[in-house]
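A short worksheet on the structure shown next.
The values are calculated or read from the model by the stated rules, or taken from the named source; none is laboratory data. Predicted model, so just to flag it, every value in this text is computed and none were measured. With ideal geometry, Cβ positions are generated from the backbone for all residues, glycine too; neighbour counts draw on all protein chains shown. Only protein heavy atoms, including side chains, enter the accessible area calculation; ligands, DNA and RNA are left aside. Shrake-Rupley method; radii C 1.70, N 1.55, O 1.52, S 1.80 Å.
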Amino acid sequence: MNTHPLIIRISRWANAAVITVMILISRAGRACRRTAAKMRELVVRVVRWAAAVGVGVMTLISGVRRSRGKAAAKMHPLTLRILHWTNAAAMIIMIMSGWKIYNDSVLFGFLHFPEEIVLGVWAQHALQWHFAFMWVLTINGLVYLGYGLFSGRFRRLLWPIQPREVVAEVLKALTFRLEHDDLTHYNAVQKLLYVGVILVIIVQVICGLAIWKPVQFSSLVWLFYDFQGARLAHFLGMVAICLFMIVHVTLALVVPRTIFAMLTGGPQVERTPAAASPVH
Amino acid sequence: MIRSRSPSLFRPKASAPVLAENRKLLAEASRRQLLRGTLSLGALTLLTGCNASETSSLQRALRTVSSFNDGIQRLLFDPNRLAPTYSPDQVVKPPRFNAHFDVEDIRPIDLDTWKLELAGLIADRRPWTLDRIYALPEQEVIIKHICVEGWDYIGQWSGPNLRRFLTLIGADLTAKYVAFRCNDDDYMECIDMASALHPQTILATKYAGEPITDPFGAPLRLRTAVKLGYKNAKWIRSIEVTNTYPGGFWEDQGFNWFAGI
C-alpha cells in the first residue's frame, strides 16, 4: 500500500490547482477594472462554490480508498458523514433564518437578534431560506434516522443509556476528567446528548409544522396549547439545539481527532457481534 | 490599489443620487416609520436592492422552491377542514391595525361613490354598490387572524359568503385565481379558487357587528380563515376571476403566494 494512494494524490493536487486558480482569478479581476464586473463576480462565485464543494467531497472520499477491500468498516461511513455535514449546514441556515423570522414579532421584548447574525435582509428572505432548507433538514434527517435504525448503528452506539453511568460521566466531564481515547464507543454523556438532540429536532419539526399550518394541522397546534404556544416551543427547541451545538462543537475542538473522524471516517471498527456493545 | 467591497446579496446597491435626494427623509425617519413605511429610505434602498437580488440566481432559486411549496400546500389544503372558531368575548376590539404604511397615511374611500368592480371570468360584471352588498345574507366568522410576522388575534367579521357571491354573479368556479385589487397604492392580492370557495371565506363588511372603519379596510375586505393575514386584502375596489396569474403585492417582494394556514 502506498503512503499516498493515487486517489489521494489526484485529489490533493486538484485541490491545490483549484485554489490557485481561484486566487489568480480574483487577483486578475481586481487588477483589470475593464473586465465586466458581473462576469468576474459570476466566475469567482462559481469557482468558490466548486472549490468548496470539491474540497469537501475530496476530503470525504479520501478516507474511502483505505477501507476498501478490508473486512472492517470505518467508525463513520461515508454515507453517515455526508448526512452529518448536510444536517450541520441545513441546521445553521434554519437557525439563522429562524432568528430573522423571530425578529418580526419577538416573543421576548428584551431579545432581538442582531442583524449581523441573522440570515435574510428582510423578512421574506428569511422565510424563503427557512422554507427551502426545511426540506433539506427533514429529508436528510429522515434518511439519517432510517440509516441509523436499519444499519444497527443506533443500537450499537447510542444504546443502552444507564442513569448511573450518565451521572458519573457528567461529573467527570464537568471536572475535565472524561477520557476519550476510544473514539469508536460513545460514553454516556455523548449517548444522552445525541439521543436528546435527535428527539428535540423531531419535536422542533412537529411544532414547526404547527406554526406553518395552524388550520390544516390544528391537532398539532393543540399539542402546544395554541399558535403562540407552538412558537414558544419552536423557540425553546432552537435554544436547546443551540446549546447542544455549543457543547458539541466545543468538545469536538477539545478532541480534534473526532473532527477528522467525521471528515475522513475515523478508526476501523469491527462489525462482529462481540464488539457491538461493550460488556458491563 | 484599493480593493472595493465586492457586491454582496446582502448589501443592496443603493445609488448615490437615490441616497442624496432622500437624505431629508432619513433624518426624519423615526423607528416606527422605518419599521412600517414603504415610503422610508430603508424601503427605497430595499427596492433597489430588491431589483438587484431579484435577478440574482439566488433569488430565482429561493423563489422556485417557494413555488414548489405552493404545490405542496395545495396538496395539504383540505377544502372541508374548518378553522377553529371562538366566542364573541374573545374578540379583540378594535382589531390590530396593520398595513404597509402608517395609519396616518390612510386615504379614506368615498363610500357614496364607491362601487365594487368585477372583471374576468364572470357572467354578470355589473358593479355592486355598498347597499346591494349589505343586502346580501351575512355570515359571521370569529376566527384567528395570523400574520406572517408571527402575531395573531381573534377577530369577528361578517359579510356575504364569497362562494355564494361568486355563484350569484356567475363566476367560473373552475378558474384558478380570484384577485382583489385595492384602494391603497394598487395593492393586489390573489388567492387560489379552492380557498376562495372555502366555507369560512367571506367578503367582510363588518367587524364586531359594526361596519368596518377606514383603518381596517372600509368598506370591504376579504376575510378567509385559511390564509395568512397579508392575503386578506383590505379596501377592496375590484374582484377579478382569472386563469392568468395576476401577481401580488407581497409576492413581488418574495413572499410565498399560497400562504395557506
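Just a few scattered comments:
- The residues listed here are B:ASP131, B:ASP152; of these, the one that is without any contact (Cβ under 8 Å) to a residue 24 or more places away in the chain, charged (D, E, K, R) and within 14 Å of chain A (Cβ to nearest Cβ) is B:ASP152.
- Any chance B:GLU117 is surrounded by fewer than 16 Cβ atoms within 10 Å (Cβ to Cβ), under 21 Å from the mean Cα position of the chain (by Cα), more than 14 Å from chain A (Cβ to nearest Cβ) and at pLDDT 95 or above: yes
- Test for B:SER238: is it among the hydroxyl-bearing types (Ser, Thr, Tyr) and farther than 26 Å from A:PHE217 by Cα: yes
- Against the conditions (1) part of a helix (DSSP H, G or I); (2) surrounded by fewer than 14 Cβ atoms within 10 Å (Cβ to Cβ), B:TYR134 satisfies every one except (2).
- Failed condition for A:PHE154, given (1) closer than 26 Å to A:GLY141 by Cα; (2) in contact (Cβ under 8 Å) with a residue 24 or more places away in the chain: (2)
- Matching residues in the stretch A:214-264 - criterion: being assigned to a helix (DSSP H, G or I), hydroxyl-bearing (Ser, Thr, Tyr) and within 14 Å of chain B (Cβ to nearest Cβ): A:SER218, A:SER219
- Of all residues in the stretch B:55-65 being farther than 18 Å from B:TYR245 by Cα and touching a residue at least 12 places away in the same chain (Cβ under 8 Å), the one that is nearest to the other protein chains (Cβ to nearest Cβ): B:LEU62
- Restricting attention to the stretch B:196-220, the residues that are open to solvent by less than 10 Å² (accessible area, probe 1.4 Å) and either basic (Lys, Arg) or in contact with a His (Cβ under 8 Å, 6 or more places away or on another chain) (or both) total 0.
- Count - residues of the stretch B:241-256 that are touching a Phe, Trp or Tyr at 6+ places or on another chain (Cβ under 8 Å) and more than 10 Å from chain A (Cβ to nearest Cβ): 8
- Residue in the stretch B:207-217 that is closer than 18 Å to B:VAL141 by Cα, within 14 Å of chain A (Cβ to nearest Cβ), of a type outside the set (Gly, Ala, Ser) and part of a loop (DSSP other than H, G, I, E, B) present: no
Residues are listed down the side, and each one gets a yes or a no for (1) at pLDDT below 95; (2) open to solvent by less than 30 Å² (accessible area, probe 1.4 Å):
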| site | (1), (2) |
| --- | --- |
| A:HIS84 | no, no |
| A:SER97 | no, yes |
| A:SER105 | no, yes |
| A:ILE117 | no, no |
| A:VAL121 | yes, no |
| A:PHE131 | no, no |
| A:VAL166 | yes, yes |
| A:ALA173 | yes, no |
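- With respect to the conditions (1) surrounded by fewer than 18 Cβ atoms within 10 Å (Cβ to Cβ); (2) without any contact (Cβ under 8 Å) to a residue 12 or more places away in the chain; (3) more than 14 Å from chain B (Cβ to nearest Cβ), A:GLN190 falls short on a single one, namely (1).
- Exclusive hit being among the charged types (D, E, K, R) and open to solvent by less than 10 Å² (accessible area, probe 1.4 Å), set B:ASP192, B:ASP252: B:ASP192
- Residues located in the stretch B:66-98, provided they are in a helix (DSSP H, G or I), within 14 Å of chain A (Cβ to nearest Cβ) and not hydrophobic (A, V, I, L, M, F, W, C): B:SER66, B:SER67, B:ASN69, B:ASP70, B:GLY71, B:GLN73, B:ARG74, B:GLN90
- Residues (out of contact with any Leu (no Cβ under 7 Å at 6 or more places or on another chain) and crowded, with 20+ Cβ neighbours inside 10 Å) located in the stretch B:159-176: B:ASN161
- A:ASN140 vs. criteria modelled with pLDDT of 95 or more and away from chain B (no Cβ under 14 Å): yes
- Positions within the stretch B:221-249 being open to solvent by 20 Å² or more (accessible area, probe 1.4 Å) and assigned to a loop (DSSP other than H, G, I, E, B), in sequence order: B:LEU228, B:LYS234, B:ASN243, B:THR244, B:TYR245, B:PRO246, B:PHE249
To keep it simple, each residue is scored yes or no on (1) surrounded by 14 or more Cβ atoms within 10 Å (Cβ to Cβ); (2) over 21 Å from B:GLY260 (Cα atoms); (3) touching a residue at least 40 places away in the same chain (Cβ under 8 Å).
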| residue | (1), (2), (3) |
| --- | --- |
| A:LEU220 | yes, no, no |
| A:ASP226 | yes, no, no |
| A:CYS242 | no, yes, yes |
| A:MET245 | yes, yes, yes |
| A:PRO256 | no, yes, no |
| A:THR264 | yes, yes, yes |
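Every residue, every condition in (1) modelled with pLDDT under 90; (2) of a type in the set (Asp, Glu); (3) at positive phi, yes or no:
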| site | (1), (2), (3) |
| --- | --- |
| B:SER30 | yes, no, no |
| B:LEU34 | yes, no, no |
| B:GLY37 | yes, no, no |
| B:LEU58 | no, no, no |
| B:ASP70 | no, yes, no |
| B:ARG74 | no, no, no |
